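One structure below.
The values are calculated or read from the model by the stated rules, or taken from the named source; none is laboratory data. Just so it is clear, the structure is predicted and the values come from calculations on it, not from any experiment. Virtual Cβ from ideal backbone geometry, glycine too; neighbours counted across all protein chains shown. These accessible areas exclude ligands, DNA and RNA; they are computed on the full protein's heavy atoms, side chains included. Shrake-Rupley method; radii C 1.70, N 1.55, O 1.52, S 1.80 Å.
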Amino acid sequence: MLTMLTTSLNLLTTGGDQFNFSSEVKIAQPVLTLSSELIILTFLVLLTSSPKIYKSILTIQATHYASIAPPYVSTLLGSFAHEHEECLKADGATEGIVKRRREAFETLLNKLKILFPKSSEIYDEIDEKFSDIRFFDVKKVFFPFREMAKKLSVCVVAEKTDGPYLIDSDGHRILDVSGSYGVNVIGYEGFKSIGNRAHDEVLKDMGPVLGPIHPELRGVLKQLVEVSGLPEISLHMSGTEAVMCATRLARFNTKKKFVASFGSAYHGWYDAVQPGVGNERPVPDIIVLNDMSDASLRVLKARANEIACVMVNPLQAFTPNQPPPSDGTLIGKVRDSGVANAREDFRAWLQKLRKVCSDYKIVLVFDEVYTGFRLAPGGAQEYFGVHADMVCYGKSVAGGMPVGVVCSTPELMRRFDPDHPLRLCYVVGTFSAHPSIVTCMNRFLNEVKKIDFQAKHDLYDIWVGNMNKDLQELGYPVRLAHFASVWLFQYTSPGRYHWLMQYYLRSRMVNLAWVGTGRLSFSLDFDAIHLAALRESILGACEDMDAGGWWWTSGEGHGATIKKQVNKEILRSVAISIGRKVGGVMGFGGGSSAKSI
Ligand code: PMP
């Protein structure tokens, strides 16, 4: 090795003079010379490209699977739906259990129809026209069960709110634990008082004046600087836009190309931060690394001269390296949120990440669109005690109005290059600093300071602990887990029908999030009375699940049976996909999917 190294170094420094062999030698060893040259040449190529190879190996080792695998996997699977009877016996249940399930399903279906006639009517009408609702609806259930689930689908048509209750078109009071995609932090009553006042005052008096600024902007900037600890602010219309602004400015001001993010963290639907599932456009300038991994830190160090910024969604502390465990992923596994020690483990990780970013001059971006104003008034920065170079906010920060915010330093917020007049970063938007939104934001930021977050989190901690004791004593295979005011359902034994829980909860007047039971949030106006009502609904839904035979198990080998069945379904799905492709190539019109579900 050493000899090879000296030889190649010689070659570099002497321009290859040592190979000016005499003609005699050349004649005597023609083959040997050729192969030696080849070896040396190969070695040289390897040597010059070795830093690249080294970095690629490091990156591959630390890359999160979800950013590479899904585009290929998703085309491997072809949709199919089980017939209703097939669904009922998908776990090999006995005829008696299947009969119980058949009756329980009919009972649930009728109950939902009787309870929600108006909502059902509206749902049937808008389902044909509103594509967004279909997207959320379908994603909740593992695909072979979607036809079965579709029969139960009723959207919540809400007309009013009263505290954390939605008053729907059928006149029910429905307890809302959806968190309105995470927007509802301070409670609807709080938002009403902020929004109504702001709208009345601003829109009535002046309408949507854009360009000239509103005097309330002063208060907003002052408060955002305090909250974020960063001196400059940029205002946008959504969390997605805030992330677009942050990544674009980080690239422009560091003159580096890559953005690094972490496994399964959501940063909005801007395709440049969403490689893999959900976006079929290849994204060549993002690296998605494993969360809480030293291998990822090695990549950041090795590629520091290419990586402009690292994006962190602090909500990943709850489910590191995983998306929220939607009911669509409940295909028989025991689901564990991985939430244990979330706060301490994630804090230690963020501290390490902070140090690497500071040492290697990489911009650390906290995407606090979800966590901002939910964990603490100062968001995840305050909760974990780690400061970022750029912070994105959104969702709740304008009192429920559409908004996106980026906070950072003057150096990172520059849109012009002081050395090159034509070099600029075009980040603007018509609705930046909209007067009524700015007014709502100012009022929200004032309100949020008054909340005792710790007292609220303690309340949820006690409630979750008590719920888990009750669930265990009653023998239900369900547990709850929480991270501050965000919480979810987990299951202690495998089952093919856990997804039905969301419909039983609906029949007991609970409104869940778009991923079903996989991510729920308490607004901070949830008190002991609301929690007691929620307890009754959850225990009631568990009783329904149990009585309906949905949690039947065959005993010890149940998990293995389910696994086998799921594998069979996956194989069937692959075969369908191949069949469609072959059919398509042969002109049998096999390219389309069987049913639009
Ligand atoms: N970042 C994070 C962390 C989010 O949770 C979300 C939305 N769930 C976004 C960005 C995108 O925000 P919006 O939906 O307002 O575009």
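What to note about this one:
- In the stretch 350-374, residue farthest from the ligand (Cβ to nearest atom) [restricted to those that are outside any helix (DSSP H, G or I) and among the charged types (D, E, K, R)]: 361
- Restricting attention to the stretch 496-526 and to residues that are assigned to a loop (DSSP other than H, G, I, E, B) and of a type in the set (Ser, Thr, Tyr), the residue that is nearest to the chain's Cα centre (by Cα) turns out to be 517.
- Test: residue in the stretch 444-459 that is under 23 Å from residue 219 (Cα atoms), touching a residue at least 24 places away in the same chain (Cβ under 8 Å), crowded, with 23+ Cβ neighbours inside 10 Å and within 27 Å of the chain's Cα centre (by Cα): yes
- Within the stretch 74-158, helices (runs of 4 or more DSSP H) holding 1 or more residues that are farther than 24 Å from residue 569 by Cα and modelled with pLDDT of 90 or more: 95-115, 117-127
- Of the strands (runs of 3 or more DSSP E) lying entirely inside the stretch 230-325, those containing at least 1 residues that are open to solvent by 50 Å² or more (accessible area, probe 1.4 Å) span 232-236.
- Residue match in the stretch 519-531 (condition: closer than 23 Å to residue 474 by Cα and of a type in the set (Phe, Trp, Tyr)): no
- Look at the stretch 494-508: where a residue is farther than 20 Å from residue 158 by Cβ and a partner is among the hydroxyl-bearing types (Ser, Thr, Tyr), sitting 6+ places away or on another chain with Cβ atoms under 7 Å, you get 498/491; 501/517.
- Residue within the stretch 476-492 that is at positive phi and part of a strand (DSSP E or B) present: no
- Residue in the stretch 170-180 that is touching a Pro at 6+ places or on another chain (Cβ under 6 Å) and either assigned to a helix (DSSP H, G or I) or open to solvent by 60 Å² or more (accessible area, probe 1.4 Å) (or both) present: no
- Going through (1) within 13 Å of the ligand (Cβ to nearest atom); (2) without any contact (Cβ under 8 Å) to a residue 40 or more places away in the chain one by one, residue 385 falls short only on (1).
- Subset of the stretch 511-525 that is farther than 26 Å from residue 452 by Cβ and of a type outside the set (S, T, N, Q) - its residue that is most open to solvent (accessible area, probe 1.4 Å): 514
- Lone qualifier among 102, 146 - being surrounded by 20 or more Cβ atoms within 10 Å (Cβ to Cβ) and touching a helix residue (DSSP H, G or I) at 6+ places or on another chain (Cβ under 7 Å): 146
- Subset of the stretch 208-223 that is touching a helix residue (DSSP H, G or I) at 6+ places or on another chain (Cβ under 9 Å) and under 18 Å from residue 237 (Cβ atoms) - its residue that is least open to solvent (accessible area, probe 1.4 Å): 220
- Qualifying residue in the stretch 550-557 (condition: part of a helix (DSSP H, G or I), buried (at least 18 other Cβ atoms within 10 Å of the Cβ), modelled with pLDDT of 95 or more and not acidic (Asp, Glu)): no
- Being surrounded by fewer than 20 Cβ atoms within 10 Å (Cβ to Cβ), touching a residue at least 24 places away in the same chain (Cβ under 8 Å) and away from the ligand (no atom under 16 Å from the Cβ) is a property that holds for residue 347.
- Condition check for residue 32 on (1) of a type outside the set (Asp, Glu); (2) at pLDDT 80 or above; (3) open to solvent by less than 100 Å² (accessible area, probe 1.4 Å): one failure, at (2).
- Output for the stretch 388-417, where each listed residue is more than 15 Å from the ligand (Cβ to nearest atom) and either assigned by TED's automatic domain parsing to the domain that holds residue 519 or in a loop (DSSP other than H, G, I, E, B) (or both): 389, 409, 414, 415
- In the stretch 243-277, the residues that are in contact (Cβ under 8 Å) with a residue 24 or more places away in the chain, within 27 Å of residue 182 (Cα to Cα), more than 12 Å from the ligand (Cβ to nearest atom) and not hydrophobic (A, V, I, L, M, F, W, C): 248, 263, 275, 276
- For the stretch 418-427, a residue qualifies if it is surrounded by 10 or more Cβ atoms within 10 Å (Cβ to Cβ) and not in a strand (DSSP E or B), and the qualifying residues are 425, 427.
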